[in-house]
Structures are given as structure tokens and as C-alpha cells.
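Colleague: Take a look at the following structure, please.
The values are calculated or read from the model by the stated rules, or taken from the named source; none is laboratory data. Nothing here was measured: the structure is a model prediction, and the numbers come from that model. Using ideal geometry, Cβ is built from the backbone for each residue, glycine included, and neighbour counts are taken over all protein chains shown. Protein only, heavy atoms only, side chains kept; ligands, DNA and RNA dropped before computing areas. Shrake-Rupley method; radii C 1.70, N 1.55, O 1.52, S 1.80 Å.
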Amino acid sequence: MTNDLSQKLTAASGGSHLNFETGELSREAAAEGCVLLINDGTLPLKKDDVISAFGRCQLDWFYAGYGSGGDVNAPYYVNLIDGISNAGGRINAEVLSAYREWTLRPENKTEKCEWGQWKESYPEMPLDKELVRRSSAESSVAMVVIGRCCGEDKDFSLKNGSYYLNNEELDMLDKVTAVFDKTIVVLNFSSLIDMSWVEKYKGKISALLLAFCGGMESGNAVADVLYGDVNPSGRLSDTIPRNFEDYPFNNKPVCAAGVFEDNNKDCYKAEKSNLPLNRTYEDDLNIKYHEGIFVGYRYFEKFAADKILFSFGFGLSYTKFKTEKVSFAYNAGTEEKDGVVKMSVSVINSGSCAGKKAVGIFCRQGGKRLLKPERVLAAFSKTKLLAPGEREMLDFSVPLEMIASFDEKICSFVIEKGKYVFEADETYLGEIEFSQDIVVKKCIHACMPDVDLKNRILENLPKDEAISGGEVKSFGEVINNPSLLHNFVAGLSDNELEAITRGQGMMDSCYGESGNAGAFGGITDSLRKKGIPAVITSDGPSGLRLNRYASLIPEGNLLACTWNILLTEKLYSRIATEMKHYKIDVLLGPGLNIHRNPLCGRNFEYYSEDPLLSGLMAAAAVRGIQSLGASACPKHMICNNLEKNRNLYNANVGERALREIYLKNFEICIREGKPKVLMSSYNKVNGLYSHYNYDLFTTILRKEWGYDGLVITDWWMKSAYSPEFPLMRDNAYRVRAQVDVLMPGGTSYDTDFEGSDGTLLEGIDEEGHITRAEIRRSAYNVLKFIMGSFKENRLT
Ligand code: BGC
């Protein structure tokens, strides 16, 4: 960031909370998340290379995905052309002025669209062959910039200009590559789209750089990589297949030994059709996760290796690295299940320029009973910037649980008898032969349609925790003496209990900074009189979404490609300073759903097809956000893998896939990041809306994982009666599951409703209804959270 910008920033924001360091870190991360997919030596460029830049996105860059996850008022935006000129690079003036002139014409301008009506791309400038020819005579290299953007409530569709390139873009590639000897293609994608065209232009594209959406510093960051001021070290967080049809959710895996055994039949009762590419509305509402655990590289490497265009973890550098084994040891714990595999590798920069190297530890799991992927990511780390000849040791530690498989028959994570081989990417490190099965963790059968939920809930109803010692009237007393919290909760009236388990009712609460996402806690006069403060929430994962200036940092999808945990944590600790400045208590992020389907509009917010990469990156974000006392709110738990019908569809997921993939990312994030708040998803999982899902939020989250924080809904929820307790509905049904707070208040998905809707207290303590003890339990969760925040953070 230039000093000039830094000054503007401070002036615009009225303070030093948006400062130079945030911009610098954003730039560093945006550059580190760029993935270099092809390079014949054309990159890095020299500063005196003259670039002819084609494609409107060189000016109309997409900085973030659409919707709550990207809607940040950044104090400035650096597009690619500005980035190149800030770097002192040279641009062909004739081509640039043609693009400037054309993109500024009223009929060609990009527009600010209504919610969900955003454009995945804008029409390209029709390219004049003569202009291309003339410019080739005056430039050393061509650069083609192609952009795509999707977002919340806006999936990609299988159309030109959306998931596919459009004819004008292909025409641009044709015309440019026909004339130029060297063509660099820069991809400004919010998340992956079709890449089949790359094969068509094989040999004609000299360098292909996947730059994603890098936030306000995008152009500077990409220029850093183009000129080699930053050596690319990004690695793909997803597999790129040859074609959309190759994705596993389109294909029931068929293995050499026969048909992939699908143990999840129970989940698919509602299935109507088996033709995923010819889906009906019914199919859209009942999405069968028939690929099981075989998501992303787990599928491709085992069943369809020939369909991989760029593998998971792929990414080129301007230098070379050698990875060597230093040590490998298995420390069996006192109990076998506590065993840990310890490995050290040495990474040497054997090339001629400085660079960083991310190393992935993969495990090839043994055992024959449960079908396994070829390999799974078990750990990863990244070196510092290594000078040529310099080396660094990286240490890894993999607990058995990380490489165990979920055995549905015994509802446990197991290490199957057999050989487990460990590799640092392609470097063999060692192996362990397990002579018998080891049960690493026993679980409770949960979130499945055949669970007797009614009895489980009744058997585990909470007892009232009200204790003797008298009523505690003020929350201030509790702050000074936390042991009084149960008594304080016991003293709340039913109306107060009702109000504490929902938000104020609308977004942009009067208690918080303009543009906030809503408030909960002290949101009625009576609660406020008791000294309970309002808790202010704000989106989101790419920076604060307020009617105020805030830093727009790179999207999660890009951050995942950095494979850099420390950098991600540091970056989010800068967002923490902005939260403090604007008095925001809860940041509604990070998003960490699994990239199952590339069409999902929110893949830009989410990290990866792999649960470990997703979970550890999210944990890093959480630690950064919470570093100054405020709270993160990882979302959306679980299976928000498409935006279309997000508040209607039912994810039919087998138990093994739930455990190894869709819950694993959250489990890791919670264990490593310790978020204080979590957000449920809109969709159903195995027939149940997440916000009513007792097994998800009580059986698994709190009992099995020991989470003791708060759970809030995504914004509004679907109205429904409980099938197990037909007298209970909506807020009672939700609170019974320990989804503690309905945000931002109101009931149904599209109701902006203030006040109580009456559904929580209906028939309280009567047969078949919610108990007061359950409501108090959620009130306790809310107030315990506020108590912690009160101590560590500012609250209004
Ligand atoms: C989104 C959430 C977001 C919330 C508040 C919802 O529609 O799904 O991710 O945090 O709105 O803006």
C-alpha cells in the first residue's frame, strides 16, 4: 500500500484501526494464495516487459464474492492495472485506453445489483484483431484476465458466462494466443469454474495464474507475483477436474473391485431419481450425498485419476525445493488409541530465488474392510521464506484419530489392522504396521434417520440448576461472581427467558454500529435494567460488513491456498482491531463448509474439499478474531454445500461421510480454535433442519466434543413442528436442540419480526412441551457467553 493510500485510509476511517499493517498483511496473503498452474518460464516478468493486457477484469476486478461474505466497504480497491503500475510495470497504452474507454461507456459499466441478482460476469469488449496485432508488435507479452464471481443466494449455473467461459472470452483467448508468442492468463475467480478450455490452449498459454479474489489489495498482490517480488507458494485447496461431469457427486464411485459399497441407504428414503445431471425439483430438494466420503481428491485419486487436470495441493514456484526425511517415529500412547505419529522433514530451497514451501503430510491408510481413499491429508505446514540453499526443518505430529476411518457398524473411529504409510507429498517418510484393529474413538449413533430421538431427548432432559442462596437481581453481581449465574437465570421471568433466546428482531440494531447484522442479549428494557448488555454481531469472513470503512481481506478460498496458518491468524488479528474500534462483539465467520460442488455460490467463503485444511484454516481465523477478546462464529453447521434452495433442501448424508468429512472440519476448528459462538445452517441434514437438530448441537457438539459455547441460527429459520413432540414448534423445537439464539429474531426465513412470536413458551412444563429447565439451559449458555465477553471485550 502506498503512503498516499495509507493517509487516505486513516483520514477516511477517522482512526488508526484501518492501518498500513492490515493492508500489508492482506497483500501478503493475497499474493501467497495465488496458485501458479502453468509456467514455461515466462513468469516472473521483468519490470521493463511491456504487457498488452486484455479482458475487462484488468480494470473491473472482482475483489470479493457477493453477499454477506464479501460486502465490505473497503477504503480503497487496487485493480490489476493499478497494481502493475504501482509496481513500476509497463502496460501497452493503446490496449489499455481501448479498455478504459469501453468499460466507461454507460452501456458497458458494471452495476450494483439487487440481492441475489448479481452478475457472474460482464460482457467482454469485442476484440479487434488489428488492435491485437498492432499491440503484439509493441509488447513483449500478452496478459488475458478472466473474472467470475458468485455468492450468497447466487450459485454458478451451467451456462456460458457463469460456470463456463463465454464465447467472447474464448474469442479473446483465440485472437491473443494466435498472435502473441507469450500469453499469461490471470484468473480472477471467486471460486473454481470450468477449466476444460485449458487443455484446448495447451502450449499456447505460457503461464496460468489462479488469483481468486484477494480483497482490496488484489492488484498489488497479483503484480507482486507477476514480477517475482513474491514467489508463488499457493497450493490448490481443491482438485480441478477436466470437466464438471467428472465431479464425484455426479458419479456414484465405481471401484475396480466392484461397485462402491454404499452403506447409507437409510438416508435416501426420499430419493426420487438417480439421474443427477437431469435433476428434477424433487432431486434438488433431496440431495443424495451418494459419493460418501469420496469427496474431492479422495474420489479422483481412487476412482478417476485420469479426470484430474490439476491435483489437490498442486502449485508451481519460481524456485525448486527438495524435501527430505529427517525422522519418523510412532509413539504408541499408554493406551493404543492415544498413539501419535511424529515426523520431521527438511525442506531445502535448491533453486535460484527465495521462496516458501508448503508441505502436506499424507497418509495411505491400510486395512481392507472399509474402502479408503488412496491417501488423506493428515497434517501440513509451511516454511518461512527460504533463500537459495537455505533449509528449514518442519515437525509434524499426527494423532491416530486424524487418520482413523469411521466404521458405521460399530459407530467408532478405527485404525484398521494393516499398513499405514506416511509421505511428505511425494517423499516417503515411513510406515506403521498395525497388527490389530484399534478403536480410537467410540461415538454415539447420531444425526441419522433411524435414531430414536424422542427417547434420547427425554432421557437427557436437563434438571433445573436453580440452587439455594437467593435470587440474584443484577448481572453485574454475576460478572463479579460467576458462580451466581444459575441463580440469576432462575430469577429471570418467562418473558425475559424468551427474549434472551432470540435476537432483537432486525438487522442493523440500534445498539450497534450502523450496518451491523443484529443484536442479542440485553435487547429488552427489562433485561437491560438488569445490567445485561446487547451483543452486536457483524458479517463476515472477508472483513466487517458495516456502513463504515473496513478492511476487505482475501476470501477464505484464497486463504486456504496459502496453506499458511500463521499468516491467516495474523491477518484475522487485524480484523480484531477493527472489531474493537467499531464495538463489534461477534464476527459472523469464518465459513468452513466443504467444497462439495463447484457451483456453490459460497465456496469463496469456504476453504476446501478437505476437512483438515478447512478445519485448521478456520481455527487460525478464529484465533485471530478472538485475539483481542471478541468472538468468532464459524458457520454454517453443517452441509450448506449449495445456495440454491438453501433453506429447503435436505442433505442426505451417510454416517461415515458425516463423521469423516462434514463434521470433521467443524470438530477440528472447534478443538484448535475454540470459537465462542457457532452458527447453524439453513438446510436440512437427513430430514431435519439444522436449527432443530438435537443430535447435531447437543449429542455431538456438546456431549461428544465438549463444546461449551453458544449456538445461534443463521438469519431466520423455517417454521416447523417437531415430529417427535408434535405439540412443540419453532422456538421451542429449536431451544430443545440447544440452538440457543434465533438470529436476528422473528420466526420464518423471510419474516422481519420483532418481539416474541409466542412459540417458545407455549405449554411450558406441560406434558409434550418444552420444560423451563431447557429454556434456562439456553439462557445460561447465552449469559455465560456474555459474561466471558464482558470480561474480555467491550459490550454495550
Ligand atoms: C447468511 C449468514 C450471515 C447472515 C447475516 C445469512 O443470510 O447465510 O452467513 O452471517 O445472513 O448477514
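Colleague: Looking only at region 674-725, count every residue that is of a type in the set (Gly, Ala, Ser), in a loop (DSSP other than H, G, I, E, B) and either closer than 18 Å to Asn641 by Cα or in contact (Cβ under 8 Å) with a residue 60 or more places away in the chain (or both) and tell me the total. Give the steps one after another, and end with the answer.
Modeller: If we filter region 674-725 for residues that are of a type in the set (Gly, Ala, Ser), which is where we start, we get 680-681, 687, 690, 706, 709, 719-720, 722.
So of that shortlist, the ones also in a loop (DSSP other than H, G, I, E, B) come out as 681, 687, 706, 709, 719-720, 722.
Restricting the remaining residues to those that are either closer than 18 Å to Asn641 by Cα or in contact (Cβ under 8 Å) with a residue 60 or more places away in the chain (or both) gives 681, 687, 709.
The number of residues fulfilling the criteria is 3.
Colleague: Give the residue that is least open to solvent (accessible area, probe 1.4 Å), with candidates limited to residues of region 53-68 that are touching a Phe, Trp or Tyr at 6+ places or on another chain (Cβ under 7 Å) and in a loop (DSSP other than H, G, I, E, B).
Modeller: Kept after step one, since they are touching a Phe, Trp or Tyr at 6+ places or on another chain (Cβ under 7 Å), are these residues of region 53-68: 56, 58-60, 63, 65-66.
Right, trim to in a loop (DSSP other than H, G, I, E, B) and you get 59-60, 63, 65.
Numbers: Leu59: 23, Asp60: 39, Tyr63: 38, Gly65: 4 Å².
Among those residues, the one meeting the criterion is Gly65.
Colleague: Still on this model: Among the residues of region 484-505, count how many are open to solvent by less than 10 Å² (accessible area, probe 1.4 Å) and either within 15 Å of the ligand (Cβ to nearest atom) or of a type in the set (Ser, Thr, Tyr) (or both).
Modeller: 3
Colleague: Would you be able to tell me the number of residues in region 162-195 that are touching a residue at least 60 places away in the same chain (Cβ under 8 Å) and either more than 20 Å from Asp60 (Cβ to Cβ) or of a type in the set (Asp, Glu) (or both)?
Modeller: So the count comes out to 5.
Colleague: Quick one: which residue in Lys684, Lys664 is within 16 Å of the ligand (Cβ to nearest atom), at pLDDT 95 or above and charged (D, E, K, R)? Lay out the reasoning, then the answer.
Modeller: Details: Lys664 fails: within 16 Å of the ligand (Cβ to nearest atom).
Answer to the check: Lys684.
Colleague: Determine which single condition Leu761 fails, assuming it passes every other condition in (1) of a type in the set (A, V, I, L, M, F, W, C); (2) modelled with pLDDT under 95; (3) open to solvent by 30 Å² or more (accessible area, probe 1.4 Å).
Modeller: Only one criterion in (1) of a type in the set (A, V, I, L, M, F, W, C); (2) modelled with pLDDT under 95; (3) open to solvent by 30 Å² or more (accessible area, probe 1.4 Å) is unmet by Leu761, namely (2).
Colleague: Would you confirm whether or not region 103-124 contains a residue that is crowded, with 19+ Cβ neighbours inside 10 Å and within 16 Å of the ligand (Cβ to nearest atom)?
Modeller: Within region 103-124 (the criterion being crowded, with 19+ Cβ neighbours inside 10 Å and within 16 Å of the ligand (Cβ to nearest atom)), the answer is yes, since at least one residue qualifies.
Colleague: Every residue in region 364-401 that is of a type in the set (A, V, I, L, M) and either touching a helix residue (DSSP H, G or I) at 6+ places or on another chain (Cβ under 7 Å) or assigned to a strand (DSSP E or B) (or both), please. First the steps, then the outcome.
Modeller: Filtering region 364-401 down to residues of a type in the set (A, V, I, L, M) leaves 370-371, 376-379, 385-387, 393-394, 398, 400.
Those that are of a type in the set (A, V, I, L, M) and either touching a helix residue (DSSP H, G or I) at 6+ places or on another chain (Cβ under 7 Å) or assigned to a strand (DSSP E or B) (or both): Val376, Leu377, Ala378, Ala379, Leu386, Met393, Leu394, Val398, Leu400.
Colleague: I need the full set of residues from region 642-661 which are among the polar types (S, T, N, Q) and within 13 Å of the ligand (Cβ to nearest atom), in order please.
Modeller: Just the residues of region 642-661 that are among the polar types (S, T, N, Q), to begin with: 645, 647, 650, 652.
Matches in region 642-661: Asn647 only.
Colleague: For region 743-756, state whether one or more residues are part of a loop (DSSP other than H, G, I, E, B), modelled with pLDDT under 95, aliphatic (A, V, I, L, M) and within 16 Å of the ligand (Cβ to nearest atom).
Modeller: So far as region 743-756 goes, no, none of its residues is part of a loop (DSSP other than H, G, I, E, B), modelled with pLDDT under 95, aliphatic (A, V, I, L, M) and within 16 Å of the ligand (Cβ to nearest atom).
Colleague: Within the bounds of region 465-478, is there any residue that is over 30 Å from Ala378 (Cβ atoms), more than 16 Å from the ligand (Cβ to nearest atom), open to solvent by less than 50 Å² (accessible area, probe 1.4 Å) and hydroxyl-bearing (Ser, Thr, Tyr)?
Modeller: yes
Colleague: Scan (1) on the phi > 0 side of the Ramachandran plot; (2) within 16 Å of the ligand (Cβ to nearest atom); (3) open to solvent by 10 Å² or more (accessible area, probe 1.4 Å) for the single condition Lys674 breaks and write down its number.
Modeller: Checking Lys674 against (1) on the phi > 0 side of the Ramachandran plot; (2) within 16 Å of the ligand (Cβ to nearest atom); (3) open to solvent by 10 Å² or more (accessible area, probe 1.4 Å), the one that fails is (2).
Colleague: Further question on the same structure: Within the set of pairs 6 or more residues apart or between chains, which connect a residue that is over 16 Å from Leu558 (Cβ atoms) and free of Cβ contacts under 8 Å to residues at least 60 places away in the same chain inside region 585-598 to a residue that is part of a loop (DSSP other than H, G, I, E, B) and more than 10 Å from the ligand (Cβ to nearest atom) with Cβ atoms less than 8 Å apart?
Modeller: Leu587/Leu544; Leu587/Ala630
Colleague: Mind checking which residues of region 69-86 are away from the ligand (no atom under 16 Å from the Cβ) and either free of Cβ contacts under 8 Å to residues at least 12 places away in the same chain or of a type in the set (A, V, I, L, M) (or both)?
Modeller: Kept after step one, since they are away from the ligand (no atom under 16 Å from the Cβ), are these residues of region 69-86: 74-86.
Passing the criteria: Ala74, Val78, Leu80, Ile81, Ile84, Ser85.
Residue by residue, here is whether (1) of a type in the set (Gly, Ala, Ser); (2) closer than 28 Å to Cys600 by Cβ; (3) not in a loop (DSSP other than H, G, I, E, B) holds:
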position: Asp82; (1), (2), (3): no, no, yes
position: Gly88; (1), (2), (3): yes, no, no
position: Ser97; (1), (2), (3): yes, no, yes
position: Thr103; (1), (2), (3): no, no, yes
position: Glu107; (1), (2), (3): no, no, yes
position: Lys112; (1), (2), (3): no, yes, no
position: Glu124; (1), (2), (3): no, yes, no
position: Leu131; (1), (2), (3): no, no, yes
position: Arg134; (1), (2), (3): no, no, yes
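Colleague: Output the residue which, of all residues in region 609-630 that are touching a strand residue (DSSP E or B) at 6+ places or on another chain (Cβ under 9 Å) and part of a loop (DSSP other than H, G, I, E, B), is farthest from Pro675 (Cα to Cα). Spell out the reasoning first.
Modeller: Step one: of region 609-630, the residues touching a strand residue (DSSP E or B) at 6+ places or on another chain (Cβ under 9 Å) are 610-613, 616, 618, 621-626, 630.
Still in the running and part of a loop (DSSP other than H, G, I, E, B): 610, 630.
Working: Asp610: 20, Ala630: 10 Å.
Looking at the filtered set, the residue picked out is Asp610.
Colleague: Sort out which residues of region 726-739 are open to solvent by 10 Å² or more (accessible area, probe 1.4 Å) and in a loop (DSSP other than H, G, I, E, B), and write them in order of number.
Modeller: Across region 726-739, the qualifying residues are Pro726, Leu727, Gln738.
Colleague: Out of the residues in region 40-52 meeting the condition of being surrounded by 22 or more Cβ atoms within 10 Å (Cβ to Cβ) and either in a loop (DSSP other than H, G, I, E, B) or within 29 Å of the chain's Cα centre (by Cα) (or both), tell me which one is farthest from the ligand (Cβ to nearest atom). I'd like the intermediate steps shown before the answer.
Modeller: Residues of region 40-52 surrounded by 22 or more Cβ atoms within 10 Å (Cβ to Cβ): 43, 45, 51-52.
From what is left, the residues that are either in a loop (DSSP other than H, G, I, E, B) or within 29 Å of the chain's Cα centre (by Cα) (or both) are 43, 45.
Details: Leu43: 36, Leu45: 39 Å.
Top of the filtered list is Leu45.
Colleague: Would you tally the residues in region 422-447 being in contact with a Cys (Cβ under 9 Å, 6 or more places away or on another chain) and open to solvent by 20 Å² or more (accessible area, probe 1.4 Å)?
Modeller: Count: 4.
Colleague: Follow-up question, since we're still on this one. Given the criteria open to solvent by less than 10 Å² (accessible area, probe 1.4 Å), within 13 Å of the ligand (Cβ to nearest atom) and of a type outside the set (D, E, K, R), does Leu587 qualify?
Modeller: Working: open to solvent by less than 10 Å² (accessible area, probe 1.4 Å): yes; within 13 Å of the ligand (Cβ to nearest atom): yes; of a type outside the set (D, E, K, R): yes.
When the stated conditions are applied, Leu587 passes them.
Colleague: Taking into account only those residues within region 533-574 that are hydroxyl-bearing (Ser, Thr, Tyr) and open to solvent by 10 Å² or more (accessible area, probe 1.4 Å), which is farthest from the ligand (Cβ to nearest atom)?
Modeller: Ser573
Colleague: Looking at region 506-524 only, could you name the residues that are of a type outside the set (A, V, I, L, M, F, W, C), more than 14 Å from the ligand (Cβ to nearest atom), in a loop (DSSP other than H, G, I, E, B) and crowded, with 23+ Cβ neighbours inside 10 Å?
Modeller: Step one: of region 506-524, the residues of a type outside the set (A, V, I, L, M, F, W, C) are 508-509, 511-516, 518, 521-522, 524.
Add one more test, that the residue is more than 14 Å from the ligand (Cβ to nearest atom), and what stays is 511, 513-514, 521-522, 524.
This time we only want the ones that are in a loop (DSSP other than H, G, I, E, B), so: 511, 513-514, 522, 524.
Once the filter is applied, which keeps residues that are of a type outside the set (A, V, I, L, M, F, W, C), more than 14 Å from the ligand (Cβ to nearest atom), in a loop (DSSP other than H, G, I, E, B) and crowded, with 23+ Cβ neighbours inside 10 Å, region 506-524 yields only Gly522.
Colleague: Hey, among Ser509, Ser483, which residue is of a type in the set (S, T, N, Q) and under 27 Å from Ser756 (Cα atoms)? Before you say what the answer is, go through the steps one by one.
Modeller: Values: Ser483 fails: under 27 Å from Ser756 (Cα atoms).
Every option except Ser509 fails the conditions.
Colleague: Name the residue that is farthest from the ligand (Cβ to nearest atom), counting only residues in region 627-638 that are more than 14 Å from Gly540 (Cα to Cα) and crowded, with 24+ Cβ neighbours inside 10 Å. Let's see the steps before the verdict.
Modeller: To start, the set of residues in region 627-638 that are more than 14 Å from Gly540 (Cα to Cα) comprises 627-629, 637-638.
From the residues that got through so far, the ones that are crowded, with 24+ Cβ neighbours inside 10 Å too are 637-638.
Details: Met637: 11, Ile638: 13 Å.
Selected residue: Ile638.
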